[in-house]
Structures are given as C-alpha cells and as structure tokens.
1. Among the residues of region 184-196, are any buried (at least 16 other Cβ atoms within 10 Å of the Cβ), among the hydrophobic types (A, V, I, L, M, F, W, C), closer than 13 Å to PHE302 by Cβ and in contact (Cβ under 8 Å) with a residue 40 or more places away in the chain?
2. Which of the residues that make up region 138-195 are of a type in the set (Ser, Thr, Tyr) and assigned to a helix (DSSP H, G or I)?
3. Mind checking whether some residue in region 230-241 is out of contact with any Pro (no Cβ under 6 Å at 6 or more places or on another chain), assigned to a loop (DSSP other than H, G, I, E, B) and charged (D, E, K, R)?
4. I'm trying to understand the selection: among the residues of region 58-86, which are more than 26 Å from PRO240 (Cα to Cα) and among the acidic types (Asp, Glu)?
5. Select, from GLY221, GLY274, GLY235, the only residue that is of a type in the set (Gly, Ala, Ser) and over 25 Å from ALA206 (Cα atoms).
6. Within the bounds of region 238-252, is there any residue that is among the acidic types (Asp, Glu), closer than 27 Å to ASP89 by Cβ and in contact with a Gly (Cβ under 8 Å, 6 or more places away or on another chain)?
7. Of the residues that sit in region 257-282 and are among the β-branched types (Val, Ile, Thr) and part of a loop (DSSP other than H, G, I, E, B), which one is surrounded by the most Cβ atoms within 10 Å (Cβ to Cβ)?
8. Taking interchain pairs and intrachain pairs at least six residues apart, which have beta carbon atoms under 7 angstrom, with the first residue in region 42-67 and free of Cβ contacts under 8 Å to residues at least 24 places away in the same chain and the second among the polar types (S, T, N, Q) and crowded, with 20+ Cβ neighbours inside 10 Å?
Amino acid sequence: MGHPILIDTDPGQDDALAILLALAAPERLELRGIIAVAGNVPLPLTQKNARRLVDLSGRNDVPVYAGCSRPMVRDLITAENVHGHSGVDGYDWPDTQTPLQDQHGVDFIIDTLISAQEDEITLCTLGPLTNIAMALVKAPQCARGISEIVMMGGGFFEGGNTTPTAEFNILVDPHAAHVVFASGVPLTLMPLDITHKALATPERIAAIVAQGNETGRACAGMLSYFNRHDVEKYGSEGAPLHDPCVIAYLLKPELFSGKKVPVQIETSDGLTLGMTVMDWWGTTSESPNCMVMNQIDADGYFDLLTEHLGRLP
C-alpha cells in the first residue's frame, strides 16, 4: 500500500496533470480522496473537473468531495483567462460518471485526519488553502493526523504571477494561507521559483502524446491550450507546469532542493496582499516553518510525468 495522501485542488489544467500523476502511482501513493475548492474556476466546475479526471484515469475507487465555494474573507477571484471557461479547456470531455460525495469536503478532511494515525497523512494542496484552513479552524485536533502539507503556491525571487507580489493560489485566499502557515504543521512549498523552471515546451508535450493513450492526448490538449496564455505572458517556450511539482516531490524528492526558512503571509490590503514573505537570508529572529524549494531537475520532472501518464488508459 502506498503512502496515504489527500489532494485538495481547483482544477485547472496543471492541477489535472498533478491529479493524474498521483492516480498513476497507486503503488506509491494511496489517494484517499480528492477535495475540490473554488479557485481557478468556481466550485461547481472544480468538483466536476476532479470527477472528470477520475473518469479519465479509470480509478473510480477514489472519492471526490466538494469543499468551500468562496474564500474565508475575500470575494472569489478566478482565472478563466488562463484556464478557459471550464477550467480544463483543450479536450473534449465526455459526460461525467464519477459521483460527487454527499459529505462536505472540509468535514471529510477532518474525519480522515482524526481517524488517522499521528503524522500519517500528507495533504497535497494545488489551489487556494481555504478547505485546509477551515478544517484546522473547525477541528484543530485534526492537525495531529497530518504528516506534512506539500503545496504549490507563492513565490519570492520570481515575485507574483497575479499581482507584482502575489501568486494566484495565495492571493485568492491569503487569510486561509495565513492560518496554514501559522499552524505549526510541517510545510513544503513549491513556489513560482521552481515552477517557472519547469516549462511545458512543445517537445515535452509531444513526448506525452507519443505515449499513445487517451490520457496522453487529453493532457497534450490541455497543455497546448494552457500554453497559449503563458507563452504570450512570459515570452517563454512553454507554460510553467506548476501543480504536478507537488506530486513529483512525493514520488522523487531528489528532483528538488531548497532551504527551510520562515514564511509569513501578508493579509493587509495593498500592494503586497497575498505575498509569501520569505526570510531567505535569515534577517529576522523568526523560526523556520517551511521547506521552500528553489531548484528543480526539469528534464527529470517531465520524464517522471510522461512515464506515469503513459500508465493510464
């Protein structure tokens, strides 16, 4: 049996590839559930997209839950300009078969963690941290079941991708991010400093298509759609493939390196709202609370992703 994980997500093309990567590695990762949150697109679409991905993978043993439909304090901002109306544009999705579970996603997270062994479950967060923060606020005792939270979010030397200082996942719900970063739970962060070095170039997309399966075709279609926005924005060869870094780290941690530093979240309105303030050079007396990755073996990352996607139908 693999290491038990929960995936909290707002799919999103890059979320989609992260989820499929996890679904393709059952011998390493025991995915106990996928929890959708509002983010890239509103909750009715993110929960549907999570179910679409379970369908595509053939892994109908994995339940899907709907969590929070808006951030803790602020109004929801979304990113259809990047991801398209559905959130996973670029592939002709068939009708959804996987059912949505009746239980609220936050309650599922709490129940799963409370019934777990101490330090048993890794939370993989690919979107805004609303569901996780709500679980920690509603049932603080559930933190004992968390081994680690591995998240995609933030940026430091790269700045932000939604404002000059803030990355999208953190900006959508900075108050939730503050709760999580102040929780004392072990944290590992995959920021823009990593993901901007992991570009979905035409050659890398072609390698995914060459696997010859429907999952590969779906992923290539989604990535080609996703690329059009970021190539124009960054002037790069391809879009940064953000979220699969979270799952790749669990499967092959040697692809990544970084440093444990203090990280705090700016929640005040203004130019720096949603900024991940990292004390990279130890200028304060704050204790390090987060392992922040800043180097990636991008070729190894795409090799891992391509090989695993080829295992699916």
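1. no
2. The one that is of a type in the set (Ser, Thr, Tyr) and assigned to a helix (DSSP H, G or I): THR195.
3. yes
4. ASP61, ASP75
5. GLY274
6. Within region 238-252, one or more residues are among the acidic types (Asp, Glu), closer than 27 Å to ASP89 by Cβ and in contact with a Gly (Cβ under 8 Å, 6 or more places away or on another chain).
7. Of everything passing the filter in region 257-282, THR267 is surrounded by the most Cβ atoms within 10 Å (Cβ to Cβ).
8. Note: no pairs meet the criteria.
The numbers here are math on the coordinates, done by the rules we state, and not lab data. Source: prediction; values computed, not measured. Don't worry about glycine lacking a Cβ; one is built from the backbone with ideal geometry, like all the others, and counts go over all protein chains shown.
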